[in-house]
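The values are calculated or read from the model by the stated rules, or taken from the named source; none is laboratory data. These figures come from a predicted structure and were not determined experimentally. Backbone-built Cβ (ideal geometry, glycine too); neighbour counts: all protein chains shown. All accessible areas refer to the heavy atoms of the entire protein, side chains included, with ligands and DNA or RNA removed. Shrake-Rupley method; radii C 1.70, N 1.55, O 1.52, S 1.80 Å.
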Amino acid sequence: MIIDLTNTTSSEIASALLKARRSAGSPAMGMVGTIVVVVDEASHHDAMKAANEAGREHPSRVLVAILRPGRGAAGLDAEVRVGEGVPGEAVLLRLHGELARVPESVITPLLLPDSPVVVWWPGGGPKVPAEDPLGKLARRRVTDAASSRRATVDFTGRAEGYAPGDTDFAWTRLTPWRALMAAALDQYPTKVLAAEVVSAKGNPSADLMAAWLQCRLGVPVEHKNSRGPGITAVRMFTASGPIALTRPDGSVATFTIPGAPDRPVALKRRTPSELLSEELRRLDPDDVYAKTLACMVEREKMPASAKTVSDADRRSTQAAVSKAAAKTAGVTGRAASAELAAHADGKKASPAKKAAVAKNAAARKPGVPKATAKKTAAKRTAKSSSAARSTGSRSTAKKAAAGKSTAKKAPAKKTASKRVAGRS
């Protein structure tokens, strides 16, 4: 059900919500909170869609406020939606003139009682969210630095004005990245020498990732630019090789740990509705985000040498990778036995083939002189040829003995026939 209200008030909007619930057959409210979305006219449709999709997991009352400040007369237009694919309730509010300067006067009467309030600014958000009139009503304040119109985000100002409950989608996007890198160090505990973050230019998530790694590991973290999309790689350099998470296409990443085969990981770029759903799952203060903001401020004050991976660390890591690759190539190129090689071909190994494989294996085996390997192969070849000769000589002797016995039997038969003829 959709109810359009023109030049209305907050009380009329509340009455329309109650009427819509009763018409839909659900007078009781089964919502767990209120989501306030502060957006402009151009992007309000996408923002409302994302909030409604997040409401499928967390049924909420969604209040979308479009602020139109100006010199015109103050006014309020509303559009109430209940049902029609909306999991909870949705109200689109357009505030005109002086009323747009005090949006809290319209939003406060529409908040659900005794339930948390989350305010989301899809277009970037204020510099200090906790000091915003609507931000003061919220328990959780969500901004999106990647959608800001400014070329760079002033994280220093956000760190100074941080209040418990502040967060940003640039930080939410890092949740799977941080989880995988922490899990890598759990699986392969080692000392990290340096780290590297590669992303598209001007990506705020990459800045937060670099600050988080430098704060937690206490090592230099270098930030490099790529064509994107988003973050394309995070590497931690160790003496045994790099621990890397590489995602060149924005969908599937490759997880690399020293001494283990590469593994594909599903790491797609998440939609705003998925990010908002994650923020609605936890409403307590994000202390790690607060510490990362403070680390980012310290990182900005560091010299360039403290934020660059040294050539020595890169060379040692590359040497470990080359050594591991050579070791793997040596193991895979060595034949175990002639029988296994023949079994792989689906045929029975002949003595000559056994000798050839043994010769190659002896030649590859470290610590055995080439002359010894050649003598061993020659002995095996001589044994196989002598065995074949002995088999052939035995068969020839048998044929000769069979011929002699046949020749002896023939004269005996002739003598016996002569005797019988004489008697007759």
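A few notes on this one:
- Of the strands (runs of 3 or more DSSP E) lying entirely inside the stretch 41-160, those containing at least 1 residues that are among the small types (Gly, Ala, Ser) and at pLDDT below 90 are 60-68, 75-83, 86-96.
- Within the stretch 154-177, considering residues that are open to solvent by less than 30 Å² (accessible area, probe 1.4 Å) and free of Cβ contacts under 8 Å to residues at least 60 places away in the same chain, the one nearest to Val252 (Cα to Cα): Leu174
Conditions (1) without any contact (Cβ under 8 Å) to a residue 40 or more places away in the chain; (2) surrounded by 20 or more Cβ atoms within 10 Å (Cβ to Cβ); (3) among the aromatic types (Phe, Trp, Tyr), marked per residue:
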residue: Ala16; (1), (2), (3): no, yes, no
residue: Lys19; (1), (2), (3): yes, no, no
residue: Met31; (1), (2), (3): no, no, no
residue: Val39; (1), (2), (3): no, yes, no
residue: Lys49; (1), (2), (3): no, no, no
residue: Leu63; (1), (2), (3): no, yes, no
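- Matching residues, the stretch 181-200, being of a type outside the set (Asp, Glu), open to solvent by 20 Å² or more (accessible area, probe 1.4 Å) and in a helix (DSSP H, G or I): Ala182, Ala183, Leu185, Gln187
- Within the option set Glu98, Glu89, Glu79, being of a type outside the set (A, V, I, L, M, F, W, C) and open to solvent by less than 20 Å² (accessible area, probe 1.4 Å) holds for one residue only, Glu89.
- Val37 vs. criteria assigned to a strand (DSSP E or B), over 20 Å from Arg282 (Cβ atoms), at pLDDT 90 or above and not small (Gly, Ala, Ser): no
- Residues of the stretch 117-134 that turn out to be under 35 Å from the mean Cα position of the chain (by Cα), of a type outside the set (Gly, Ala, Ser) and crowded, with 16+ Cβ neighbours inside 10 Å, as a count: 9
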